[in-house]
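Notes follow once the structure below has been shown.
Laboratory data are not the source of any read-out in this text; all were calculated from the coordinates shown. As the structure is a prediction and not an experimental result, all values here were calculated from the model. Glycine gets a Cβ as well: all are built from the backbone with ideal geometry, and neighbour counts include every protein chain shown.
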Amino acid sequence: MAQINPSILSADFARLAQEAEAVRGSDWLHVDVMDNHFVPNLTLGIPVVESLSRATDIPLDCHLMIEDPDRWAPQYVEAGAGSVTFHVEAAAAPVRLAREIRAKGARASMALKPGTPIEPYEDLLPELDMLLIMTVEPGFGGQAFLDIMLPKIRRTRELIAKHDLELWLQVDGGVSASTIERCAEAGADVFVAGSAVYGAEDPAQAVAGLRSLAESASADAWWACAH
Ligand SMILES: O=C(CO)[C@@H](O)[C@H](O)COP(=O)(O)O
């Protein structure tokens, strides 16, 4: 079952509760936390996540594009996140951090920038609930999807199958009606979409449209049949 996670980076930050309501029916709400150090952009932090988790019953999928996630990620669980993603490029001790996130009661997820390969992290995969493959350079919404990430998505799906893991494979960046099927065919099952959802006239309908495209593309994919 394909999951669609609208990214509030493309929403109106002054109306976050209403923007969450506008995508009712979504699996998760994707919350991009940027610190202007790990990425050249600054968004929001723990107080906003706390308020948003009280304002919506859609679970929060927090993507931390920050330095020192070892220090901050557990605090996002306490703030109400149901899933916390840290970048492996920024984490000092990714296994310890994933275990801490899980011990606090959230799903643990690790992200890879476009230039970071999956292969060195094969042995870490059982420690995770989700792996995020960035399909743009992190930092901004509205960028063009990087087709060259498709082989990495496929190789990651092969590793998940090889180890028989219940690991979600998320893609983020440039996901839209014209790119989501390629991601699903390659092996992604969780799709973050910012501008394709909040730029649409009816965001909830955009979520439903993306989900239906992803589900039909993955229905006959090699990895779905093999699972
Ligand atoms: O993490 C990021 C950007 O760094 C994303 O979550 C963007 O918010 C996705 O936006 P679109 O590419 O879908 O417009």
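At a glance:
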quantity: Residue ID - farthest from the ligand (Cβ to nearest atom), chosen from residues in the range 211-227 that are touching a residue at least 24 places away in the same chain (Cβ under 8 Å) and within 22 Å of residue 129 (Cβ to Cβ); calculated: 226
quantity: Meets criteria (farther than 30 Å from residue 216 by Cβ, surrounded by 15 or more Cβ atoms within 10 Å (Cβ to Cβ) and either without any contact (Cβ under 8 Å) to a residue 40 or more places away in the chain or touching a Ser or Thr at 6+ places or on another chain (Cβ under 6 Å) (or both)) for residue 116; calculated: yes
quantity: Tally of residues being crowded, with 18+ Cβ neighbours inside 10 Å, more than 19 Å from residue 143 (Cβ to Cβ) and small (Gly, Ala, Ser) across the range 187-208; calculated: 1
